[in-house]
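Structure, as structure tokens:
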Amino acid sequence: MKTLPAADVVIIGGGWTGLLMAKELGSRTALSVVVLERGGPRKTDDYANSMDELDYAVRLRLMQDTSLETVTFRHSSGQRALPLRQLGSFLAGSGVGGAGEHWNGVCFRFLPDCFELLSRTMEKYGSKRLPEDHAIQDWGVNYDDLEPHYARAEEMMGISGKAGNLRGKQIEGGNIFEGWRSAEYPTPPTKIPYFSALFREAASTLGYHPYPIPAATTSQPYTNPDGVARPGCFYCGYCERFGCMVGAKAQPTNTLMPVIQKRKNVSIRTGAWVRRIVQEDAQNGKRARGVTYLDAKGEEVFQPAELIFLASWILNNTRLLLLSEIGEPYNPDTGKGTLGRNLTHQVSFPAVTAFFEKPLNRFMGSGSAGVCVSDLDGDLLDHSRLPFLRGGCLVAFSLGYRPIANFGVVPQTVKTTWGLEWKKAAVHYYDRTGNIVFSGEHLAYRGNYMDLDPAYKDHFGDALLRLTLDWRDNERNMAEFATGKSVEIARAMGAKEVTLFPGLKRYDATRYQSTHLQGGTIMGRSPDRSVVNPYLQHWQIPNLLVLGGSAFPQNASTNPTLTLLALTYRTADAVVDRYLKSPSPLA
Amino acid sequence: MRRREFLTLSASSIGGVLVYSLDRRVFRLSTRSVESIRIPLRFFSRAEALIVAAAASRIVPSDETGPGAREAGVAVYIDRQLAGPWGRDRYRYSQEPFEEHAPPELGYQGKATPQQIYRQALKDLTGFDLLDTAAQDEKLKEIEGTLFFSLLRRNTIEGMFCDPMHGGNIDMLGWQLIGFPGPRMSNYDDVDKHFGEAFRPKPASLSQVTRGNVRPSEDEV
């Protein structure tokens with residue numbers, strides 16, 4: 001194995017969090033920073049010819065190659081797990097920018113009480129209301145700590161939206177339920193296409209408080225505090241599963257890379273497949289010494305480093321620590337160990353499919369154009385008489401309706417799925433159909449976790465990560481409640497016929513839900529119940545920090561990107577202001 | 001290498017249309033200039049292609065609402081997909097052990113590739129293209145629950161509505177049928193207008209829109 005000259009900093013993973021850390025350290029320090037990305041390079045020009053539904057949205061050209069590595073899945077710990085042979089319920093990205101290239105750009109902040117979920121819920125409802133096998137926790141950070149970092153992340157991306165709570169003052173037209181914000185959004189809301197406008201009007205009539213989705217598909221040309229300029233969105237509708245051909249959708253490649261490329265102290269190595277983080281005994285416990293990886297030519301390399309950031313998305317963050325034998329794997333029977341615990345997804349599904357008389361022109365849109373209501377989110381409803389805790393949002397997206405994915409959806413009165421009658425209905429309803437989507441919180445449970453699979457291996461012979469995950473009654477009851485509410489809105493929108501979501505049964509790994517899996521290396525105030533401290537620093541190894549959604553102890557109802565970027569900013573400050581002066585535990 | 005086979009389509013059945021040849025040059029046919037065209041096949045035998053063309057056109061038939069799978073060239077699309085990386089499971093995790101009777105929530109767990117699934121199923125459908133349409137529908141009802149049928153249905157929809165560079169959606173017939181304009185660089189001036197009325201820009205394909213050189217996945221090695 002070849003040993004390279006030592007670097008000050010190694011960052012594993014070139015997605016949103018890894019590249020944001022590279023930008024911050026590269027700009028604010030003179031440290032040598034090496035980013036190791038196992039996929040290939042990407043840039044805006046690559047996307048000029050990418051408006052092809054088949055190759056990108058169906059064949060998933062930007063996603064992780066499952067022939068090399070996937071995960072195995074089972075519903076409960078007694079079962080034998082099987083590999084997810086193709087991606088389904090979530091879409092792991094690959095290459096520079098990671099999943100931040102193919103995202104929709106929906107950019108919510110989490111509600112303030114999400115960060116203190118356990119204490120707030122106990123306070124209000126008592127321990128008896130919590131599901132027996134729950135594993136929910138406080139994050140060890142609260143909304144007020146994060147607010148300035150949320151604002152920085154929004155400015156970096158130029159998020160379009162309308163504030164609903166400016167320093168405590170409620171503003172109609174924004175989300176009046178959101179946490180306080182120190183400033184208005186950097187850019188005004190996106191345009192609202194017809195389907196979403198229908199939803200906004202109907203929701204208002206029913207007493208909800210609809211507001212435009214906060215969007216990283218920026219509504220107008222914008223230059224961020226780093227001097228990076230991006231054009232406004234053209235509403236072509238090729239966002240989710242695609243890279244933005246004009247750079248209007250904030251992506252790591254168009255928002256962070258222009259800064260990073262000017263920094264001589266940052267280098268990005270693509271095709272670098274990290275296999276282990278190497279630790280050694282040090283004076284006061286353990287420290288990480290560097291990482292081993294296979295380079296683009298397949299040669300095994302050791303890269304020593306003083307400081308290591310693991311930023312390779314939820315699943316690989318957890319898996320690399322397991323493979324490197326760093327930390328104690330979680331055992332669901334004894335509750336001992338922390339690594340791999342609290343795997344959550346999101347309660348995300350099309351609550352109602354509504355069929356309209358008039359055409360909707362749904363090919364026009366943008367990944368985060370649309371309207372949301374949050375009246376059912378968090379703990380805004382009184383749950384003492386409801387059969388579930390927490391809640392979520394109802395959303396009418398106008399993200400660009402594409403024919404391969406959507407042709408063939410017909411009202412229930414049509415009993416066939418092929419042939420003449422079906423075709424006639426499918427042609428008629430193609431542009432007269434819309435979904436109201438529900439996206440809800442997923443509580444953490446003792447039995448939902450990750451470990452290494454005993455049977456299936458990756459391309460190099462390392463064990464695959466095994467997910468053990470299923471819904472509980474809290475999610476099923478929440479889904480049923482949300483479906484009922486969404487039907488009322490669909491009717492008020494003028495839907496002639498509606499199809500209801502059939503309900504959550506077992507977790508379905510084939511139905512795309514969201515790419516918002518969380519947990520595995522969760523943050524917290526105690527090393528007995530978390531893997532990293534509130535600054536995302538490993539409890540046992542102070543020169544190892546783990547960035548990304550793997551730190552979330554449980555999931556909130558909305559999209560996680562803004563929160564994981566805010567956490568990364570906060571960690572960057574702690575590293576630059578404190579750790580570099582005196583390398584030691586930050587908490 | 002096996003002898004190259006061709007699918008011969010009657011020009012009148014596909015109308016005066018754009019046809020994409022194997023080397024991707026586009027030429028326009030009119031019913032007056034030729035009576036039939038021969039499209040080189042990449043995976044199917046001629047007999048197999050005729051069965052697939054017939055079955056796809058029962059899934060999305062041609063009728064007074066507009067053209068169907070036959071006119072859109074769905075069989076040509078499926079042939080190319082099967083010959084390409086998708087047909088060979090190039091990107092699918094294919095380490096053993098396989099489990100043929102896995103819970104449906106874990107997705108297809110079998111060993112057979114799309115190429116193998118089609119080839120096997122088409123053996124059992126020999127002569128299908130010679131049946132009358134009522135008998136064809138009966139036969140398809142019998143196999144409705146099979147993996148092959150679900151693949152065929154999915155691939156038929158893909159072939160109806162993909163970008164024409166993939167061999168289906170010839171002359172953007174599928175897009176015209178449903179009022180989809182294909183990739184448009186900008187909807188900025190229209191996205192918040194036309195409420196309640198159909199806005200139907202003339203369809204354009206990716207190569208017409210970007211004028212770039214696009215390499216479809218089925219041409220990857």
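The values are calculated or read from the model by the stated rules, or taken from the named source; none is laboratory data. Nothing here was measured: the structure is a model prediction, and the numbers come from that model. Using ideal geometry, Cβ is built from the backbone for each residue, glycine included, and neighbour counts are taken over all protein chains shown. What goes into the accessible areas is simple: the full protein's heavy atoms, side chains included, and nothing from ligands, DNA or RNA. Shrake-Rupley method; radii C 1.70, N 1.55, O 1.52, S 1.80 Å.
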> When the convex hull of the C-alpha atoms of segment B:96-221 is computed, what volume per residue in Å³ does it have?
Replying inline: 214
> Normalised by the number of residues in segment B:58-141, what is the relative contact order in percent for Cα pairs under 8 Å and 6+ residues apart?
Replying inline: 22
> Of all GluC sites (Glu not before Pro) in segment A:86-144, which ones are in loop regions per DSSP and have a Cβ with at most 14 other Cβ atoms within 10 Å?
Replying inline: A:132
> Say the dipole of the protein assembly as shown comes from +1 at the beta carbon of Lys and Arg and -1 at that of Asp and Glu; which of A:141, A:194, A:14 then lies farthest toward its positive end?
Replying inline: A:14
> What is the Cα coordinate range of segment A:268-332 on the first, second and third principal axes, sorted by size from largest, in whole angstrom?
Replying inline: 37, 32, 17
>> Considering all projection directions equally, how large on average is the shadow of the alpha-carbon convex hull of chain B, in square nanometres?
In response: 15.7
> For chain B, what relative contact order do you get, as a whole percent, if you take Cα pairs closer than 8 Å and at least 6 residues apart?
Replying inline: 21
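What is the ratio of the Cα radius of gyration of segment B:27-130 to 2.2 N^0.38 Å, with N the residue count, to two decimals?
Compactness ratio reported: 1.31.
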>> Please enumerate, by chain and number, the lysines with C-alpha under 21 Å from the C-alpha of residue A:128, excluding those fewer than 8 residues away in the same chain.
In response: none
> Who wins for biggest fluctuation among B:45, B:186, B:94 in a Gaussian network model of chain B, springs between alpha carbons below 10 Å?
Replying inline: B:186
> Between the helical axis of B:74-83 and the dominant principal axis of chain B, each derived from Cα atoms, what acute angle in degrees is found, rounded to the nearest 10?
Replying inline: 60
>> Exposed loop sites here are trypsin sites (Lys or Arg not before Pro) in DSSP loop states with at most 10 other C-beta atoms within 10 Å. What is the longest stretch of chain B lacking them?
In response: B:33-210
>> Among A:316, A:118, A:231, which residue has its Cα furthest toward the positive end of the charge dipole of the protein assembly as shown, with +1 on Lys/Arg Cβ and -1 on Asp/Glu Cβ?
In response: A:231
>> Give me log10 I(q)/I(0) at q = 0.11, 0.14, 0.16 Å⁻¹ for segment A:269-408, Debye formula, one equal scatterer per alpha-carbon, no solvent.
In response: -0.79, -0.93, -0.98
>> Taking the solvent-accessible surface of protein heavy atoms with a 1.4 Å probe, what is the per residue accessible area of chain B in Å²?
In response: 47
> Per the Kirkwood formula on distinct C-alpha pairs, the Rh of segment A:151-245 is how many angstrom?
Replying inline: 14.4
>> To make sure I understand the rule: partners must be lysines, Cα under 20 Å from the Cα of residue A:286, and not fewer than 8 residues away in the same chain. Which ones qualify?
In response: A:581
>> Given bins 20 angstrom wide, list per bin the percent of all Cα-Cα distances in the protein assembly as shown, short to long.
In response: 16, 49, 31, 4, 0
> In whole percent, what relative contact order does segment A:1-98 give with Cα contacts below 8 Å and a gap of six or more residues?
Replying inline: 31
> So which lysines pass the test for residue A:2, namely a Cα distance under 16 Å, with those fewer than 8 places away in the same chain ruled out?
Replying inline: A:297
>> What would the Debye equation give as log₁₀ I(q)/I(0) for segment A:68-199 at q = 0.10, 0.12, 0.20 Å⁻¹, counting only Cα atoms as equal point scatterers?
In response: -0.57, -0.79, -1.16
>> Classify segment A:203-349 from the C-alpha gyration tensor, please: rounded if a/c falls under 1.5, else prolate or oblate depending on whether a/b exceeds b/c.
In response: oblate
> Given A:423/A:505; A:415/B:141; A:457/B:111, which pairs have Cα atoms separated by over 24 Å?
Replying inline: A:423/A:505
>> For segment A:13-77, take every pair of Cα atoms, bin their distances at 10 Å starting from 0, and report each bin as a whole percent.
In response: 15, 32, 30, 19, 4
> Are there GluC sites (Glu not before Pro) in segment A:250-347 that DSSP marks as loop and that have at most 16 other Cβ atoms within 10 Å, and which are they?
Replying inline: A:299, A:325
> Which number do you get for Rg(Cα) / (2.2 N^0.38 Å) in segment A:1-125?
Replying inline: 1.42
> Sorted by mean Cβ packing within 10 Å, highest first, what order do the peptides A:422-431, A:194-203, A:394-403, A:179-188 take?
Replying inline: A:394-403, A:194-203, A:422-431, A:179-188
> Based on the Kirkwood radius over alpha-carbon pairs, what is the Stokes-Einstein translational diffusion coefficient of segment A:359-490 at 20 °C with 1.002 mPa s viscosity, in µm²/s?
Replying inline: 117
>> Could you compute how fast segment B:152-210 diffuses translationally, taking Rh as the Kirkwood radius over C-alpha pairs and applying Stokes-Einstein at 10 °C with viscosity 1.306 mPa s? Give it in µm² per second.
In response: 128
> Hey, how much of the P(r) for segment A:406-474 falls beyond 17 Å, as a percent of Cα pairs?
Replying inline: 67
> In segment A:80-157, with Lys and Arg counted as +1 and Asp and Glu as -1 at Cβ, which of these residues, A:91, A:81, A:103, has the Cα nearest the positive end of the dipole, that is, farthest along it?
Replying inline: A:81
>> Over all directions, how big on average is the projection of the convex hull of the alpha-carbon atoms in segment A:454-580, in square nanometres?
In response: 12.3
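Of all trypsin sites (Lys or Arg not before Pro) in segment A:96-172, which ones are in loop regions per DSSP and have a Cβ with at most 12 other Cβ atoms within 10 Å?
Answer by residue number: A:167.
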> Where does helix A:194-205 land angle-wise versus the long Cα axis of chain A, in degrees 0 to 90, nearest 10?
Replying inline: 80
